[in-house]
Amino acid sequence: MSFSLADVTRVAHDLWPLSGAEQWDAPGLLSGDPAGPIDHIHLAVDAVADTVDEAIEANADLLFVHHPLLLRGVTTVAEDRYKGALLSRLIRANCALLAAHTNADIVVDGVSDVFASRLGLVDALPITAGTVPGTGIGRVGRLAEPTTLGQLARRVAQLLPPTASGVRAAGEYGQPIETVALCGGAGDSLLAHPSVLAADVYITADLRHHPASEAREQARLGGAGPALLDVSHWASEWLWLETAAGQLREALPGMRVSVSELRTDPWDFAVIQ
């Protein structure tokens with residue numbers, strides 16, 4: 001059975017409805033002929049030179065990414081700018097580009113849901129509930145067996161693909177952990193949410209100095225508040241790709257769907273002082 005790009009786009013929007021995207025977001029079809037045939041979909045977190053090269057070399061007809069290439073407005077797609085160069089390469093290779101971003105973060109079996117499931121959280125619910133039951137931003141649940149912050153940090157490090165930054169922790173190594181809040185991708189906007197404040201630990205990415213410091217200082221003053229685990233943005237979202245690939249294979253019988261294992265985290269190495 002053959003599928004057009006329009007068919008694949010409709011399936012993607014059924015699985016990850018655009019109505020679930022944040023207002024500032026720009027998911028959906030970025031380039032490609034809707035009438036064109038699609039036989040091979042290649043999944044990656046980011047549309048960068050390496051994943052574009054990989055998709056083209058694999059003869060993929062569609063590069064399906066989590067992060068929209070044109071999330072912020074541009075005034076040129078000239079090829080002396082990397083976004084223009086990437087788009088031009090994809091267009092010349094007849095490889096379309098499609099993204100599911102915050103609309104894939106909130107759904108059941110979405111980015112945070114997969115992270116919570118792989119971590120083994122029980123009775124996980126959204127931190128911020130969406131309009132559809134079971135959907136929403138982040139997840140909060142409990143571990144089947146209590147552990148310590150240090151042991152949980154090691155568990156998270158083993159679960160996620162390796163990156164230069166690894167897993168950073170704020171809190172005592174041996175402090176007990178049972179309730180876990182998490183948000184795949186950047187989640188410091190949720191630091192003050194009641195469900196996060198009530199958890200023993202909050203796991204997310206891109207924690208900046210001031211929000212993290214203020215959250216820890218407030219926890220010390222009030223005698224309560226979560227420990228923090230800061231992970232790679234890319235790694236926390238990469239876990240979702242294989243689940244998304246399985247959903248696409250089920251919805252598009254006979255479609256070849258591959259998942260990139262290239263690390264597109266921007267950091268190459270770290271020096272520990």
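The values are calculated or read from the model by the stated rules, or taken from the named source; none is laboratory data. Here the structure is a predicted model, which means the values were calculated and not measured. Cβ coordinates were reconstructed from backbone atoms using ideal geometry, including for glycine residues, and neighbour counts include every protein chain displayed.
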Report whether or not S232 is more than 16 Å from T147 (Cα to Cα) and out of contact with any strand residue (DSSP E or B) (no Cβ under 8 Å at 6 or more places or on another chain). no
How many residues does the stretch 215-241 contain that are under 18 Å from D200 (Cβ atoms), small (G, A, S) and within 22 Å of the chain's Cα centre (by Cα)? 1
Restricting the search to the stretch 231-273, which residues are part of a loop (DSSP other than H, G, I, E, B) and of a type in the set (K, R)? R263
Complete set of residues in the stretch 70-90 that are modelled with pLDDT under 90 and of a type outside the set (A, V, I, L, M): R72, G73, T75
Taking only the stretch 21-51 into account, find how many residues are in contact (Cβ under 8 Å) with a residue 40 or more places away in the chain, part of a helix (DSSP H, G or I) and either of a type outside the set (D, E, K, R) or not assigned by TED's automatic domain parsing to the domain that holds V8 (or both). 1
Can you pull out every residue in the stretch 104-127 that is of a type outside the set (A, V, I, L, M), under 16 Å from V45 (Cβ atoms) and either surrounded by 24 or more Cβ atoms within 10 Å (Cβ to Cβ) or within 11 Å of the chain's Cα centre (by Cα) (or both)? D105, G110, S112, F115
Checked the stretch 132-190 for anything outside any helix (DSSP H, G or I) and of a type in the set (D, E, K, R); matches are R139, R142, E145, R168, E172, E178
Filter the stretch 107-131 down to the residues that are within 17 Å of L241 (Cβ to Cβ) and in a loop (DSSP other than H, G, I, E, B) and list them by number. V107, V108, D109, G110
What are the pairs, 6+ residues apart or on separate chains, where a residue within the stretch 195-219 that is free of Cβ contacts under 8 Å to residues at least 40 places away in the same chain and assigned by TED's automatic domain parsing to the domain that holds G150 has its Cβ under 7 Å from a residue that is small (G, A, S) and in a helix (DSSP H, G or I)? A205/S236
Of the residues in the stretch 1-20, those that are in a strand (DSSP E or B) and either touching a Leu at 6+ places or on another chain (Cβ under 8 Å) or at pLDDT below 95 (or both) number 1
Boolean, L62 is within 23 Å of A235 (Cα to Cα) and surrounded by fewer than 14 Cβ atoms within 10 Å (Cβ to Cβ): no
Quick one: is A244 outside the structural domain of T179 (by TED's automatic domain parsing), buried (at least 20 other Cβ atoms within 10 Å of the Cβ) and either under 21 Å from the mean Cα position of the chain (by Cα) or farther than 19 Å from P176 by Cα (or both)? yes
